[in-house]
Amino acid sequence: MKDTAAFVIRVFIGGMFIYLGWTKTLDPVTFLKSIREFDILQAPWQMNVVAAWLPWFEVWCGLLLMLGVAIRVSAFSLGALLVAFTSMVSWRALDLYSAGGIAFCDIQFDCGCGTGEVIVCHKLVQNVVLISFSFWIACLKSHKFGLLPAIRFSFRSGR
Amino acid sequence: MASSKDLNNSWPEWLFVLGLGTALSVILNHHSSNGLDVTRDYFLTSETISPKDSNSGRQHSSDHSFETEVQQSIERLMQKGFQPKSTVEVVALMEDPRLESGEVVLIDARNETLFQERHIPGAYLLDHYKIDQYIDLVLPMCQIAEQVIVYCSGGHCEDSEFTATDLQQLGVSQDKLFIYAAGMRGWNGGAYPIAMGDRFDDFEELHSMQQAQETP
């Protein structure tokens, strides 16, 4: 049962990141503009590197997760990315909230996530669930139902 | 459950995911037709419009009208030395022979997809983010024109400003550079003539529309 659940979640998260990453690769300029709106990275090259690297990296990790290759590290990487995204979305939402005039959960903006404009509260709940799933997948000792056998790299005991 | 020690010990797996993933990202970005040039300053070191002012924070929609956005943009553009054009002035161009003769050049600073969907008749596409693809056609037109009017989506959209700055840096005098700050949002709101697809048959379509309007 746990294996089936882990497989379903893995395919879901992997597929979602492939879709979201691919959407961004088709229009990296829009993603670059979103990064700029967060006002966290200042140097142009920093924004460019993130906008150029992140979408393809999301697709790559999503593919690995779906195919069952290097599952723990790819799940951990996606979980870490989600933590970073969630922090940035929260920070920006709080910034908008501090401008006053509306309830926190009524705030909507395009977070650059690849899904267009989102309601902040929905996005935060969704991300917390996805972060939990990603780290749960990353922490599982073994995985079944991989389309490809999990590639394990280790110089120790042939693991 | 795997321990954190397991994750720490699997450094070759980390190398595979992060190293190969990063290498692939660099290669794919380089070869993609949409790829970014990481060395370029796309925003011309201009300050970000605060999220509180930007139209992306939807909570302001009730008290933050499009007209306010346009007015703020006009003030910002004038501070930077650009001259604004109003919707009335751009509408008048539709019947001005100088637009067709090239004495007045309209520049659409949005991307190709948006341009193909709809643009102001007679406009040339000049996407600031892919300027190399269009500049060879557009720059000579701008150099001989009396007026160059640049627009983008309107309101807080900054692409018209970036494109006008590109043109200025390429030798087009700032005296003849104008920005239509209301952009496509302002144009669409007034139900003015619209062209779709490429530019080459814009004037034919425009004349047909004008004749149809004149015919009782």
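Numbers at a glance
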read-out	value
When residues of the range A:71-94 are limited to those that are touching a residue at least 60 places away in the same chain (Cβ under 8 Å) and more than 12 Å from the chain's Cα centre (by Cα), the one nearest to the other protein chains (Cβ to nearest Cβ)	A:VAL73
Selection count where residues are of a type outside the set (Ser, Thr, Tyr), part of a helix (DSSP H, G or I) and in contact with a Phe, Trp or Tyr (Cβ under 7 Å, 6 or more places away or on another chain), scope the range B:138-160	2
Residue ranges of helices (runs of 4 or more DSSP H) in the range A:1-106 with at least 1 members under 26 Å from B:ASP127 (Cα atoms)	A:2-26, A:28-38, A:44-67
Cβ pairs under 6 Å, 6+ apart, first in the range A:95-118 and exposed (fewer than 13 other Cβ atoms within 10 Å of the Cβ), second among the polar types (S, T, N, Q)	A:GLU117/A:GLN108
Of residues in the range A:29-54 being within 16 Å of the chain's Cα centre (by Cα) and free of Cβ contacts under 8 Å to residues at least 40 places away in the same chain, the one farthest from the other protein chains (Cβ to nearest Cβ)	A:VAL50
Qualifying positions in the range B:75-88 - more than 23 Å from A:THR30 (Cα to Cα) and in contact (Cβ under 8 Å) with a residue 40 or more places away in the chain	B:LYS80, B:GLY81, B:PHE82, B:GLN83, B:PRO84, B:LYS85, B:SER86, B:THR87
Long-range neighbours under 7 Å by Cβ, at least six apart or interchain, first residue within 13 Å of B:ILE120 (Cβ to Cβ) and surrounded by 13 or more Cβ atoms within 10 Å (Cβ to Cβ) within the range B:189-216, second among the aromatic types (Phe, Trp, Tyr) and modelled with pLDDT of 75 or more	B:ARG199/B:TYR124
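For every residue, the table says whether it meets (1) surrounded by fewer than 22 Cβ atoms within 10 Å (Cβ to Cβ); (2) of a type in the set (A, V, I, L, M).
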| position | (1), (2) |
| --- | --- |
| B:PHE115 | no, no |
| B:HIS119 | no, no |
| B:TYR134 | yes, no |
| B:ILE149 | no, yes |
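The values are calculated or read from the model by the stated rules, or taken from the named source; none is laboratory data. Worth saying up front: this structure is predicted, and the values here are computed from it rather than measured. Here Cβ is always computed from backbone atoms with ideal geometry, including for glycine, and neighbour counts include all displayed protein chains.
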